Each structure stands twice: as structure tokens, then as C-alpha cells.
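What follows is a short report on a single structure.
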Amino acid sequence: MSRIAIISPDASGEITGNLRALDLEPVAIPRTGLVERPISGHPDIQVFVHENRIFCHPDISRSFVAKIEPRAEVILCTTRLSGAYPDDIPYNVACTGSHAFHHAGSIDPAIREYLSSKNIVLVGVRQGYAKCSTLVVDAGAIVTADRSIHEAASLHMIESLEISPGSIDLPGYRYGFIGGATGTLDNMVLCTGTLEHHPDYKKIAAFISGRGKRLVPLSRRPAVDLGTILII
């Protein structure tokens, strides 16, 4: 049975086709009217995925849950989303496997308790959109344009490449983030498009290669923040 790639409904046919070529089943998360329209279809706003578990906000589409349940344990949480920051970030957690970066006052309690039970170190940061802002390369390495996440990672002995902000599109906002434009699959870092236009492209590609992985663009267009490609 192929794995699932949870994606935005805005993902292009080229992206979904290339995901299928990697033996992934693309599953678009339905939009929610509870948050701002530009991020309403972003997976990392509505759910948190760890291993074979998916933590969902309580108002998530039941049709989406029905698609996921045969492949993963679904946990319906109690924290409702809202359009006003920080009420849209309870599920936006960047977990490396050993550490979880999150906005300390906003993480959903069930996620906090679960991560603690797994002995994953909870690292509070100023950036509320922690997952959007963080490309998790592996358990020991991340890429981010956010200084608070970069500094926190360094303090916890996680190798962090700090890159220039911007250069990733997010329609409706000034710019998007590298975490929201990527996802990790085995020895690959999947990207919604090419990063060749990014001023730090060579550094990013070299950093990923140095961790034994390769950067795989899923379309020929410039990368866009679609809210992270989450693999189950």
C-alpha cells in the first residue's frame, strides 16, 4: 500500500502527478473557513503528523478523516482554529524526531502531552508558524529563515542553516516560508517547485546533500508555500 502525501488543494496537477510517480497517494486537505483564506488549505495549519499518527483540529472535514483512517491513527484534538493569530497555530509544530519547535503558549495540549510521552524535547520559540518556517531535513538538521528557530536549534545541538527570508511565494502575503514549500520522504527533500531563484539556493542544495539527501522539485515553476507536504 502506497504512502499518503497530504497536500494543499492548490497543488498543481504537475505536483500531484510527480507525487504519484514517487508511489505516493496525494490527498488534498479540504479548506477550512476558520482561518485566513490564503492558508485555509495548508496542511500544517490544520494537522500535525508524527510517525503514523495525525492530530487534527476538531472541526476538520470528516471526509478527509475517512480517507486517512485506514492508513493512520487519527486523533481529534480539542483546540479550535480561529483566524486571529495566534489562534491559527496550535498544530503548526516542527518536529525533527528528537526536538519539537513550537510557540509555547499555543500548542494543542494533546500534541504537547504526546510529544512529552515520546521524550521529544519541546522547544518554545517566538515564531508561531514554526512548521511553516522550518524545513526538517532529518533528526539533526533543519533549514530556516527564522532567527529564533535557528538560535534555538543551535542551542540544542541541531545543525541549522539560516537562509534569507522571502523568495518563496505565498499568494495573499508578502512571502512564504521554506518549510511550507517542502516535505521529507526517505532520502529526498520534496519541494513544490524549483528553488533555483532563491539567493541561497546553492547553500540549501549543498546542506541537504551534506546530510545524504537530495532536493527533488515537484514542478518546473518556482517553489510556493502550500503548507508543507506531510507524508504518512
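Numerical summary
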quantity	calculated
Spatial separation of Cα centroids for segment 143-207 and segment 1-75, in angstrom	21
Extreme residue, positive dipole direction of segment 3-231, given options L34, N119, L195 (C-beta unit charges)	L195
For the chain, built as a Gaussian network whose Cα springs stay under 10 Å, the top-fluctuating residue of D146, D87, D186	D186
Count of lysine pairs in segment 3-231 with Cα separation under 27 Å (8 or more residues apart, or interchain)	9
Cα-centre dipole for segment 36-174 with unit charges at Cβ (Lys and Arg positive, Asp and Glu negative), debye to 20	220
Label-point separation in nm, R220 to S61, each point 7 Å along Cα→Cβ	3.0
Magnitude of the charge dipole, segment 43-106, Cβ model with Lys/Arg +1 and Asp/Glu -1, debye to 20	160
Low-density loop cleavage sites - chymotrypsin sites (Phe, Trp or Tyr not before Pro) in segment 129-215, where at most 14 other Cβ are within 10 Å (DSSP)	Y173, Y175
For the chain, alpha-carbon Rg relative to the globular expectation (2.2 N^0.38 Å, N residues)	0.92
Added length on full extension, which subtracts the Cα-Cα distance from 0.36 nm per residue, S98 to Y173	23.8 nm
Computed magnitude of the charge dipole of the chain (debye, nearest 20; Cβ of K, R +1, Cβ of D, E -1)	220
Sequence-separation-based contact order of segment 3-231, relative, with Cα cut under 8 Å and 6+ spacing, percent	19
Percent RCO, i.e. relative contact order, over segment 131-197, from Cα pairs under 8 Å lying at least 6 residues apart	32
Pairwise label distance in nanometres, D87 with A72, each label 7 Å out on the Cα-Cβ vector	2.6
FRET E, pair E159, N187, Förster distance 22 Å, beta-carbon r, rounded to 0.05	0.80
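Laboratory data are not the source of any read-out in this text; all were calculated from the coordinates shown. What you are looking at is a predicted structure, and each value in this text was computed from that prediction instead of being measured. Glycine also receives a Cβ, built like all others from the backbone with ideal geometry; neighbour counts cover every protein chain displayed.
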